[in-house]
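Shown next, in structure tokens, is the structure this report addresses.
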2 protein chains.
Amino acid sequence: MSENKTEIELLRKILGSAGMKPEAFDLSLPYWKLKQYKKGEFYNEYKNVCKHLGFVINGVFRIYRVNNDTGEEKNMLFFTDHQFVASYKSFLAQTACEYYTEAMVDSLILYIHIDHLNELYGQSHQWERFGRIVAETAFHEVMVNTEGFLFKTPEDRYREMMEKHPNIFNAVPLYHIASYLGIQGPSLSRIRKRMVGR
Amino acid sequence: MSENKTEIELLRKILGSAGMKPEAFDLSLPYWKLKQYKKGEFYNEYKNVCKHLGFVINGVFRIYRVNNDTGEEKNMLFFTDHQFVASYKSFLAQTACEYYTEAMVDSLILYIHIDHLNELYGQSHQWERFGRIVAETAFHEVMVNTEGFLFKTPEDRYREMMEKHPNIFNAVPLYHIASYLGIQGPSLSRIRKRMVGR
DNA sequence: GGATAAGTTTAACCCAGGTTAAAATCGAAA
DNA sequence: TTTCGATTTTAACCTGGGTTAAACTTATCC
């Protein structure tokens, strides 16, 4: 287990700052596993049921969907350092996953199996709270995203992406950004051109 | 308290089917309050901090945002029977609300103050679980919404709205539906016209 | 360093939704 | 019923993103 030490302690610290007591955290020690992903490897595959909740030590992942007819890919979300990663809809409902989750750069993840997590939920009030906070955070993330689509232009969303998530912005090609913003490559080019003009 | 009896028992039954034990539920009995909303009344106002989690006994609410410059309204979500209602982002973070939440028809709500809810979270593992499930449900709701914007046309979203939420569809004017779908009134008219044509 | 692949931009054309205002329809209330 | 206001549709014009394919730029690798 000694090779997980640093990463586990990072997670302990982050959960601790969200209110988790060390003793409660210790309950989970046997369950966390560390995995290295090479760029291009998948955290979760289409049609699998997502069985693990991951915690990104470092790296960038994209969660995307493929149109069965056209083969076209569309990015739903990105995950990066110190975020929890899962195909969360599939994970919560334990239904077949509609997404792929792919490492965009070499990445490192601590992950836990849902059965162990449910065990912790049952054993410990603190872990139940952890589950609540992960869910609330995921909600917030997606909510902000939806608000973007409703209330903002693609140009606004592009600018925000650049400002608020520079590490993601720099790690992935522009056509993935375009997809995430809900537009096509050429449209993003036009937006970028418009922006330098002013 | 006797006038809340029926509504409380409905809530007990619904939470029970999500796994809440009656004894745990009983802890909350002193806290739920019942409120009748007339059509047009507000559950939550812009710039308030949302302090209550509501449970819709019956009725329809819309949560919407107003553009400060143009005064234009855009609908974010609808809530109806047996759903939990809150300006959830504001509720979770206890920050000033960016939305209005308005009753679209005469409605009845059971609500609980966040302080009492936090008390229950602290007292009871079961209630902590309740909080997790509410958050997970809210996540799922918003996620499906975002997926709609990314992967579906306004026409698809309109058709789904009609099929899956007929009670909402029938309770609110079309221009509110249009707003929820992210389009303008005339566009919805064009879509409807296209649809009868085929 | 030149070849090859990957990523980005450009151009030309198309189309759906935005915008505005007027017309038509519906509904409640007198 | 007639009328007034609210809602929905229509019309005309505009705009920005979609689509496709080619051109250009940047990495990467032998």
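The values are calculated or read from the model by the stated rules, or taken from the named source; none is laboratory data. As the structure is a prediction and not an experimental result, all values here were calculated from the model. Cβ coordinates were reconstructed from backbone atoms using ideal geometry, including for glycine residues, and neighbour counts include every protein chain displayed. Protein only, heavy atoms only, side chains kept; ligands, DNA and RNA dropped before computing areas. Shrake-Rupley method; radii C 1.70, N 1.55, O 1.52, S 1.80 Å.
The figures follow:
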read-out	value
Residue among A:ALA178, A:ALA96, A:ALA135, A:ALA86 that is of a type in the set (A, V, I, L, M) and away from chain B (no Cβ under 14 Å)	A:ALA96
Among (1) within 16 Å of DNA strand D (Cβ to nearest atom); (2) closer than 27 Å to A:LYS152 by Cβ; (3) more than 8 Å from chain A (Cβ to nearest Cβ) - the single one B:GLU141 does not satisfy	(1)
Single match in A:PRO186, A:PRO166, A:PRO173 (criterion: away from DNA strand C (no atom under 12 Å from the Cβ) and either farther than 27 Å from B:ASP69 by Cβ or surrounded by fewer than 21 Cβ atoms within 10 Å (Cβ to Cβ) (or both))	A:PRO166
Some residue of the range B:106-121 being more than 30 Å from A:GLU136 (Cβ to Cβ) and surrounded by 14 or more Cβ atoms within 10 Å (Cβ to Cβ)	yes
A:LEU120, sole failed condition from (1) modelled with pLDDT of 95 or more; (2) under 18 Å from the mean Cα position of the chain (by Cα); (3) not acidic (Asp, Glu)	(2)
Members of the range B:160-173 found to be in contact with a helix residue (DSSP H, G or I) (Cβ under 8 Å, 6 or more places away or on another chain) and without any contact (Cβ under 8 Å) to a residue 60 or more places away in the chain, listed by number	B:GLU160, B:MET161, B:MET162, B:PHE169
Residue match in the range A:45-59 (condition: assigned by TED's automatic domain parsing to the domain that holds A:GLU119, of a type in the set (Gly, Ala, Ser) and buried (at least 19 other Cβ atoms within 10 Å of the Cβ))	yes
Candidate set from the range B:143-163 (those that are among the acidic types (Asp, Glu) and within 13 Å of DNA strand C (Cβ to nearest atom)); member that is least open to solvent (accessible area, probe 1.4 Å)	B:GLU155
Some residue of the range B:20-28 being outside any strand (DSSP E or B) and touching a strand residue (DSSP E or B) at 6+ places or on another chain (Cβ under 8 Å)	yes
